[in-house]
Amino acid sequence: MTAFEAPRPLPEMLPAERRFRLRRGDIPGILAALILVAGIVAAFTADWWVPQDPGVQDLYARLAPPWGFDDYQPGHILGADELGRDIFSRIVHGGKVSFTVGLSVATLAGGIGITLGVTAGYRGGWIEAVIMRLVDVQTAFPFLVIAISVVAIVGPSLRTIIIVLVLWQWVPFARLAHAKTLTVKQTEFFRAAVAIGRRGLGIAVRHVVPNIIPPLVVVWTFQIARGIIQEASLSFLGLGVPPPTPTWGGMLSAGRGYLDTAWWIPLIPGITITLVIVCVNVLGDWLSKRLDPRAI
Amino acid sequence: MRRVLLNRLWQLVLVALGLSVLIFFLIRLSGDPAGVIGGPDATPEMLQAIRERLGLDDPIYVQFGRFVADLFQLEFGDSFQYRSPAIDLVLGRLPASLLLASLAIGVALFLAIPLGMTAATRPGTWGDRFARWFATLGQSVPHFVLGIFLIFIFGVQLGWFPTFGNEGPRSWILPAVTLSTFIMARQLRLVQAYASEELTLGYVKTMKALGYRSSRVYYRHVLRNVTVPMISLLGIELGTFVGGAVITEAVFSWPGIGRLMVGAVTARDYPIVQAGVFVIGVLVVLINLVVDLLYGFVDPRLRAGGERTE
């Protein structure tokens with residue numbers, strides 16, 4: 001199933017000192033990182049600086065358009081929704097759910113996936129067979145179909161969503177960690193470590209994991225993007241974190257009926273999601289170039 | 001090759017069984033379907049009657065035994081909403097879903113191959129840059145966001161296409177384009193990456209030196225060697241693709257399995273959810289089977305039983 005990842009020999013292991021010098025190709029990556037950090041900080045500190053409460057209904061401002069359009073209502077810079085709630089506040093507050101899910105899912109799934117993948121690669125035998133078979137089956141199966149069934153049955157909440165997503169997202173980490181561990185096992189330094197009597201957890205933590213981290217960081221970034229998309233998709237289907245908590249997917253879904261009269265209600269959350277995902281993907285691409293020792 | 005196929009079939013049984021069991025227990029653990037069917041006004045006697053009719057008052061292992069027995073006869077019970085067999089409802093929606101899926105894959109390959117080849121053969125040009133940005137964007141826009149944008153631009157503002165349901169070929173365009181983007185972006189990157197490695201090989205230089213036109217070298221010979229990883233990627237991305245199809249169907253009210261299931265999930269119509277998960281599971285494994293067969297078709301070395309080189 002994994003024929004598309006081109007086999008490339010792991011080169012010299014990471015050189016200890018590699019000087020970081022900015023190049024022209026770095027600009028999009030750094031810009032994306034800055035936007036993301038700003039967005040995350042803004043979302044998690046929203047309670048302290050966003051002037052309007054995201055739940056307050058200002059009925060005079062119902063369907064008010066964003067700044068620069070006719071009938072603009074002062075104070076609602078991105079307009080207001082069908083209940084007169086301020087869209088800017090809801091976007092910023094909605095980021096909390098997206099970023100919480102994206103970051104925690106990718107991190108938890110990374111921990112599980114790397115542990116399983118390294119174990120599979122290092123131990124081999126039936127352990128490897130079981131783990132990698134699970135990876136195969138899960139890769140092929142449509143996650144969203146399971147997720148909507150499970151979330152609908154168990155009931156949507158932040159915790160359910162994170163658990164369901166983690167149970168699916170560990171797979172790419174495990175696959176890559178497994179492949180890289182097999183490569184590390186072929187190296188001289190690994191054999192040397194075995195020869196001087198290193199075994200078990202010690203050798204895995206000291207010698208295997210540090211050498212497979214760079215590509216896994218890249219996977220981690222892309223999995224954040226996937227987590228955010230999946231959370232938004234569930235919210236869009238009405239299976240996300242329930243109201244009154246604002247979520248981007250939920251805002252888009254609720255505003256769907258206003259495409260012809262008040263386009264800003266669905267389109268602004270849509271643009272926000274896209275912008276965030278583009279930034280994460282650009283960052284991921286950049287990291288994969290920078291962290292790849294071959295490319296330097 | 002035969003061993004691979006047997007393996008796949010075994011996997012088919014396992015996946016289908018595992019999923020059905022999972023859904024069975026989740027439903028039984030999470031509350032009382034009788035309350036959902038009866039509605040808020042049902043009296044305790046009515047609820048009891050419903051439970052007896054559906055066998056919900058039996059011990060869980062009896063219910064499970066009956067469930068497994070039914071499963072082998074593809075019997076998932078009647079839909080709570082439509083009062084007709086759930087499996088028939090799901091299978092009735094299958095053609096629409098398959099139509100949308102094949103259209104989307106067609107659109108994806110139609111765009112990904114020329115763009116990917118341009119990026120590979122002319123690195124550093126505007127075509128290359130455009131292809132890369134196109135790929136990044138295609139990978140980044142979630143299906144439901146793109147769907148809403150397309151509806152806004154081409155449906156509401158320009159009025160070119162219908163945005164709702166399946167009403168002939170004109171209504172196919174927006175959903176097919178929406179569903180195609182993610183797979184298109186992934187295939188584009190793959191074609192670009194593999195073709196540029198392929199271009200460094202000797203046979204490309206030889207053919208050019210012999211005076212063959214570049215387009216012929218690229219599209220007849222280089223592309224052929226890229227097909228195996230392309231098929232491989234289709235298999236790997238199948239899960240994501242089906243998820244995208246569910247969302248796309250929901251956005252465009254497309255009368256397929258995905259929209260049926262989303263509706264069933266909100267209405268707690270469990271027979272349909274079970275039948276839907278089962279049918280999709282079987283389909284996914286079957287498609288993977290076809291993918292495995294395609295390898296042998298595309299690359300004769302694999303037909304002889306040789307292992308695919310990873």
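Read-outs throughout are calculated quantities, based only on the coordinates presented, and are distinct from any laboratory measurement. This one's a predicted model, so the numbers in the text were calculated from it and none came from an experiment. No Cβ is skipped: glycine too gets one built from the backbone with ideal geometry, and neighbour counts run over all protein chains shown.
Brief remarks on what is shown
- Extreme residue, positive dipole direction of the protein assembly as shown, given options B:ALA250, A:THR183, B:PHE144 (C-beta unit charges): A:THR183
- Excluding the site residues themselves, the longest part of chain A lacking any trypsin sites (Lys or Arg not before Pro) in a DSSP loop with at most 11 other Cβ atoms within 10 Å is A:24-198.
- FRET efficiency, 1/(1 + (r/R0)^6) with R0 25 Å, evaluated for A:ARG62 and A:VAL41 via beta carbons: 0.20
- Size of electric dipole in region B:82-241: Cβ of Lys, Arg +1 and of Asp, Glu -1, about Cα centre, debye, nearest 20: 520 debye
- Taking every alpha-carbon pair under 8 Å whose residues sit at least 6 apart, region B:205-280 reaches a relative contact order of 13 percent.
- Shielding by partners, peptide A:254-262 (average Cβ within 10 angstrom, other chains): 2
- Separation in nanometres of the label points that stand 7 Å from Cα toward Cβ, at A:VAL130 and B:VAL290: 3.5 nm
- Euclidean distance between Cα centres, region A:54-120 to region A:224-259, Å: 9 Å
- Note on region A:75-294: with charges restricted to the Cβ of Lys and Arg (+1) and Asp and Glu (-1), its dipole about the Cα centre is near 1000 debye.
- Dividing the summed helix terms, -39500 (n - 2.57) for each DSSP H run of n ≥ 4, by the number of residues in chain B produces a 222 nm estimate of -24000 deg cm²/dmol to the nearest 500.
- Amide H within-cut-off set for B:ASP78, under 5 Å, with H built and near neighbours excluded: B:ALA86
- Ordering A:PRO172, A:PRO210, A:ILE271 by Cα displacement along the dipole of region A:124-279 toward the positive end leaves A:PRO210 in first place; charges were set at the Cβ atoms of Lys, Arg (+1) and Asp, Glu (-1).
- FRET E, pair B:LEU5, A:ARG123, Förster distance 22 Å, beta-carbon r, rounded to 0.05: 0.15
- Scoring A:34-40, B:140-146 by mean Cβ neighbours within 10 Å over their residues and listing the highest first yields B:140-146, A:34-40.
- Label point distance in nm, B:ARG83-A:ILE30, each placed 7 Å from Cα along Cα→Cβ: 6.9 nm
- Other protein chain Cβ atoms within 10 Å, averaged over every residue that makes up B:237-249: 5
- Percent RCO, i.e. relative contact order, over chain B, from Cα pairs under 8 Å lying at least 6 residues apart: 28 percent
- Orientation-averaged projection of region A:75-294 equals 14.5 nm² [convex hull of Cα atoms, one quarter of hull surface area].
- Relative contact order computed over region A:75-294 (Cα-Cα under 8 Å; 6+ residues apart), in percent: 28 percent
- Simple spin-label estimate for B:SER214 and B:PHE130 gives 1.6 nm between the two label positions (7 Å along the Cα-to-Cβ direction from each Cα).
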